[in-house]
Amino acid sequence: MNSEVAHPSVAQGEIKTSPEAIQKVNLLGMSRSEMEKFFEDMGEKKFRAGQVMKWIHQFFVTDFAEMTNISGKLREKLEKICEIKAPEVVHRNYSKDGTRKWVFRVGDGEGSLVETVLIPAEDKTGERKTLCISSQVGCALDCSFCSTGKQGFQRDLTPAEIIGQLWMANFSYMEEVPVAERERSVTNVVMMGMGEPLLNYDAVLSSMSIMLDDFAYGMSKRRVTLSTSGVVPKIDQLAKDIDVALAISLHAPNDELRNELVPINKKYPLEQLIAACQRYITKDGNESARKHVTIEYVMLDGVNDKPEHAQQLLKLLKNLPSKINLIPFNPFPHAPYGRSSRNRIIAFQKTLSDAGFVCTIRQTRGDDIDAACGQLVGQVADRTRRAAQWKKKIAEKNEILRSEG
């Protein structure tokens with residue numbers, strides 16, 4: 001049972017409620033096994049779980065009265081003790097390039113906002129829609145080039161708040177479509193938004209199981225990707241628990257530079273990280289999503305984009321089946337870095353491609369609505385006080401420049 005919700009006692013079909021108002025159970029974030037147990041505790045057959053999941057995740061229905069293959073008595077029972085509730089949308093913006101961005105309010109705390117971005121692109125099978133999902137309010141890792149990290153960290157998201165982002169993105173295409181004609185529009189998911197997914201492990205794992213479930217979104221495991229900055233023990237645990245694609249936010253080819261850009265590298269250095277990646281893709285079966293690891297590498301002008309960095313990257317990845325995604329840096333106010341030139345990025349790509357790696361340059365999308373990579377800022381109540389410290393540091397730097405000028 002989800003720990004995120006309190007619910008009335010249910011046993012053999014009996015509903016016990018107190019005279020006070022009860023907090024309804026949010027079914028949105030329940031995995032199939034959790035929902036089956038919930039229905040069995042109500043004295044119902046567990047196949048009801050699959051029926052309800054289809055209504056929620058395939059037809060985007062939130063009103064139990066519309067679930068026509070469920071008895072009226074059960075619908076009334078569910079209406080009393082349950083709800084289907086996605087996070088509140090406080091802002092939405094659609095880019096001229098087709099990118100969509102939502103800002104969700106999660107919880108009651110001031111500034112408890114997270115952001116989600118959908119990126120459309122043409123592919124061989126038609127129009128691909130990739131959703132970048134957040135897993136935390138803010139981020140605790142403080143990578144030096146990431147604006148989200150500069151906002152600090154508040155808390156983990158619940159399964160309902162994570163899967164609710166996927167639910168809302170699909171529903172945004174279906175709002176005016178009759179229920180019987182609705183279909184899932186999002187084709188790919190990347191756990192690559194705000195936060196470090198492996199530091200909110202249980203909720204992320206539960207959410208990805210819903211994404212893969214045929215009674216919910218039925219997504220291919222090759223189309224669900226978890227991106228991590230390198231929490232090595234959790235990479236090993238993930239390999240045991242689920243089969244999804246893995247991406248690594250690498251951004252540097254040596255420990256000295258990565259310690260500066262991605263501070264978690266001080267705890268789990270590159271040798272340990274690459275070894276964990278090799279263990280992750282060691283799996284029999286042609287249907288596994290673990291045939292390779294995607295390497296994400298943000299291009300920072302004069303920092304990690306030199307020819308020697310490309311050679312170091314080749315050496316680092318020589319025994320790791322991988323695809324490399326070069327990401328042009330998206331500047332944010334007072335960022336200490338600049339974007340590598342187009343020519344520098346292309347030269348870097350050529351070095352890697354000539355060595356036999358599949359290496360792509362990510363097209364910058366959604367930057368007119370601050371939806372590009374590294375721009376998921378949100379507004380969080382910063383437990384770490386990092387945002388305040390960052391602003392103070394910038395103000396001090398500006399004051400020094402003014403006094404020297």
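The values are calculated or read from the model by the stated rules, or taken from the named source; none is laboratory data. If you're wondering where the values come from, they're calculated on a predicted model, not measured in any experiment. No Cβ is skipped: glycine too gets one built from the backbone with ideal geometry, and neighbour counts run over all protein chains shown.
Listing for the model above:
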{"quantity": "Residues (in contact with a helix residue (DSSP H, G or I) (Cβ under 8 Å, 6 or more places away or on another chain) and part of a loop (DSSP other than H, G, I, E, B)) located in the stretch 259-280", "calculated": "Tyr268, Pro269"}
{"quantity": "Residues located in the stretch 170-205, provided they are of a type in the set (Gly, Ala, Ser) and surrounded by fewer than 23 Cβ atoms within 10 Å (Cβ to Cβ)", "calculated": "Ser172, Ala180, Ser185"}
{"quantity": "Residues satisfying the stated conditions in the stretch 206-216, i.e. surrounded by 21 or more Cβ atoms within 10 Å (Cβ to Cβ) and either part of a loop (DSSP other than H, G, I, E, B) or among the aromatic types (Phe, Trp, Tyr) (or both)", "calculated": "Ala216"}
{"quantity": "Qualifying position, being in contact (Cβ under 8 Å) with a residue 60 or more places away in the chain and in a loop (DSSP other than H, G, I, E, B), among Met174, Met168, Met219", "calculated": "Met174"}
{"quantity": "Selection from the stretch 294-306 of residues that are in contact with a strand residue (DSSP E or B) (Cβ under 8 Å, 6 or more places away or on another chain), crowded, with 17+ Cβ neighbours inside 10 Å and not in a strand (DSSP E or B)", "calculated": "Asn304, Asp305"}
{"quantity": "Members of the stretch 55-74 that are in a helix (DSSP H, G or I) and buried (at least 16 other Cβ atoms within 10 Å of the Cβ)", "calculated": "Trp55, Ile56, His57, Phe64, Leu74"}
{"quantity": "From Tyr201, Tyr173, residue being assigned by TED's automatic domain parsing to the domain that holds Val106, of a type outside the set (Val, Ile, Thr) and either modelled with pLDDT of 95 or more or touching a Pro at 6+ places or on another chain (Cβ under 7 Å) (or both)", "calculated": "Tyr201"}
{"quantity": "Filter result for Lys291 (over 24 Å from Leu226 (Cα atoms) and either assigned by TED's automatic domain parsing to the domain that holds Val262 or surrounded by 15 or more Cβ atoms within 10 Å (Cβ to Cβ) (or both))", "calculated": "no"}
{"quantity": "Unique residue being in a strand (DSSP E or B), surrounded by fewer than 20 Cβ atoms within 10 Å (Cβ to Cβ), modelled with pLDDT of 95 or more and in the same structural domain as Arg92 (by TED's automatic domain parsing) when the list is Asn343, Asn325", "calculated": "Asn325"}
{"quantity": "Subset of the stretch 75-105 [surrounded by 19 or more Cβ atoms within 10 Å (Cβ to Cβ) and among the polar types (S, T, N, Q)]", "calculated": "Ser95, Thr99"}
{"quantity": "One residue from Ile235, Ile210, Ile248 being at pLDDT 95 or above, of a type in the set (A, V, I, L, M) and either over 19 Å from Cys132 (Cα atoms) or over 22 Å from the mean Cα position of the chain (by Cα) (or both)", "calculated": "Ile235"}
{"quantity": "Residue among Ser71, Ser95 that alone is more than 22 Å from Thr158 (Cα to Cα) and either of a type in the set (Asp, Glu) or without any contact (Cβ under 8 Å) to a residue 12 or more places away in the chain (or both)", "calculated": "Ser71"}
{"quantity": "Residue within the stretch 307-315 that is modelled with pLDDT of 95 or more, outside any helix (DSSP H, G or I) and not β-branched (Val, Ile, Thr) present", "calculated": "no"}
{"quantity": "Filter result (closer than 17 Å to Phe215 by Cβ and either in a helix (DSSP H, G or I) or out of contact with any helix residue (DSSP H, G or I) (no Cβ under 8 Å at 6 or more places or on another chain) (or both)) within the stretch 75-86", "calculated": "Leu78"}
{"quantity": "Conditions (1) within 16 Å of the chain's Cα centre (by Cα); (2) β-branched (Val, Ile, Thr); (3) over 25 Å from Glu183 (Cα atoms); number of the one not met by Val224", "calculated": "(3)"}
{"quantity": "Unique match (being surrounded by fewer than 19 Cβ atoms within 10 Å (Cβ to Cβ) and closer than 23 Å to Gly356 by Cβ) among Leu313, Leu320", "calculated": "Leu320"}
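Listed here are the residues, each with its yes/no results for (1) under 30 Å from the mean Cα position of the chain (by Cα); (2) modelled with pLDDT of 95 or more; (3) among the hydrophobic types (A, V, I, L, M, F, W, C).
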position: Leu28; (1), (2), (3): yes, yes, yes
position: Glu34; (1), (2), (3): yes, yes, no
position: Met53; (1), (2), (3): yes, yes, yes
position: Gln58; (1), (2), (3): yes, yes, no
position: Thr62; (1), (2), (3): yes, yes, no
position: Ala65; (1), (2), (3): no, yes, yes
position: Lys80; (1), (2), (3): no, yes, no
